[in-house]
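Undergrad: Please see the structure below; I have some questions.
The values are calculated or read from the model by the stated rules, or taken from the named source; none is laboratory data. Keep in mind it's a predicted model, so treat the numbers as computed, not measured. Here the Cβ positions follow ideal geometry from the backbone for every residue, glycine too, while neighbour counts run over all protein chains shown. Heavy atoms of the whole protein, side chains included, go into the accessibility calculation; ligands, DNA and RNA do not. Shrake-Rupley method; radii C 1.70, N 1.55, O 1.52, S 1.80 Å.
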Amino acid sequence: MLSYRENMSQSPKLKILGIAGSPRKDGNTDLLLRQMMAGASNKQTQTKTVILRELSIAPCRHCDGCLKTGKCVQQDDMQWLHTDLREADHIILASPIFFMGVTAQTKAMIDRCQALWVIKHVLKLPVSVPPGKNRRGIFVSVGGTNLKNLFEPSMATVKAWFSTLEVDFAGELTFPGVDEKGAITHHPTALQDAFTLGQELVPGNE
Ligand SMILES: Cc1cc2nc3c(=O)[nH]c(=O)nc-3n(C[C@H](O)[C@H](O)[C@H](O)COP(=O)(O)O)c2cc1C
């Protein structure tokens, strides 16, 4: 288990990066992500969970400071998170739905990936380190209501983000009608579904 400021670089193992985007500690998406990471954890993988509410990540200022270099000029936790995002083999993003979108913590992190967008689209360089990896990403979410299309706006955001990161969208695990803290534990299959999806993400677990 890595401490959260330690980068994943050194290990030859498959790097699985989990990102917890809820401001609510031990809430529903935290529980789902924990299960997924447990499912993805085996001898061939190195797992790391980044908890956005514990980090300092300012919103993008659109200062264009990254436009020539692909490096963000703001000095906060996003500097090392960029490295993790570029080096991960697979990424699991967990965020509940807030006003039909991802949480502010999650969106700030996503917007700060504008520097990686510059690397890909302006500098025409690979985002993935090393380049050409078959990176896959999964979106995990819950929302309190049962609204039709509850997850669609967030899904569009997450897919655009994955595309910038050169990560193939490999699926979603979403549960509507889950509102109270811990309510996901009353769902008949959710936690097991999360564990299984984590297992399916990595080889040797099928
Ligand atoms: C600021 C805020 C906005 C929310 N907006 C929505 C929403 O638009 N749609 C919805 O279904 N639930 C909404 N919810 C409910 C949360 O998605 C729900 O409580 C969820 O279980 C929280 O997940 P967590 O325990 O992982 O934080 C909102 C909750 C908060 C605090």
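Undergrad: Where both residues lie in the chain, what percent of DSSP beta bridges are antiparallel, nearest 5?
TA: So the antiparallel bridges amount to about 5 percent of the total.
Undergrad: Still on this model: Roughly to the nearest percent, how much of the accessible area of segment 100-206 is carbon and sulfur, given a 1.4 Å probe?
TA: Percent of accessible area from carbon and sulfur atoms in segment 100-206: 55.
Undergrad: Select from segment 62-102 those chymotrypsin sites (Phe, Trp or Tyr not before Pro) which occupy a DSSP coil region and have at most 10 other Cβ atoms within 10 Å, ordered by residue number.
TA: 99
Undergrad: Under the rule of -39500 (n - 2.57) per DSSP H run of 4 or more residues, summed and divided by the residues of the chain, what mean residue ellipticity at 222 nm is obtained, to the nearest 500 deg cm²/dmol?
TA: It lands at -9500 deg cm²/dmol.
Undergrad: Using every pair of alpha-carbon atoms in segment 7-84, split the distances into 5 Å bins beginning at 0 and state the percent of pairs per bin, rounded to integers.
TA: Cα pair-distance distribution for segment 7-84, in percent: 3, 13, 20, 18, 18, 14, 9, 4, 1.
Undergrad: Nearest 10 degrees is fine. How inclined is helix 28-40 to the longest principal axis of the chain, computing both from alpha carbons?
TA: Here the helix axis deviates by roughly 80 degrees.
Undergrad: List the aspartates and glutamates whose Cα lies under 18 Å from the Cα of residue 120, skipping any in the same chain that are fewer than 8 positions away.
TA: Cross-link targets: 64, 84, 87, 89, 111, 166, 168.
Undergrad: Helix 190-201 against the longest principal axis of the chain: what's the angle in degrees, Cα atoms only, rounded to the nearest 10?
TA: 40 degrees
Undergrad: With a cut-off of at most 14 other beta carbons within 10 Å, and DSSP calling the residue loop, which trypsin sites (Lys or Arg not before Pro) in segment 115-149 qualify? Please list them.
TA: Numbers: sites: 120, 124, 133, 135, 136, 148; in loops: 124, 133, 135, 148.
In loop regions of segment 115-149 (DSSP not H, G, I, E or B), the sparsely surrounded trypsin sites (Lys or Arg not before Pro) are 124, 148.
Undergrad: Between the DSSP loop rule and a limit of at most 11 other Cβ atoms within 10 Å, which trypsin sites (Lys or Arg not before Pro) in segment 39-92 are left?
TA: In loop regions of segment 39-92 (DSSP not H, G, I, E or B), the sparsely surrounded trypsin sites (Lys or Arg not before Pro) are 43, 68.
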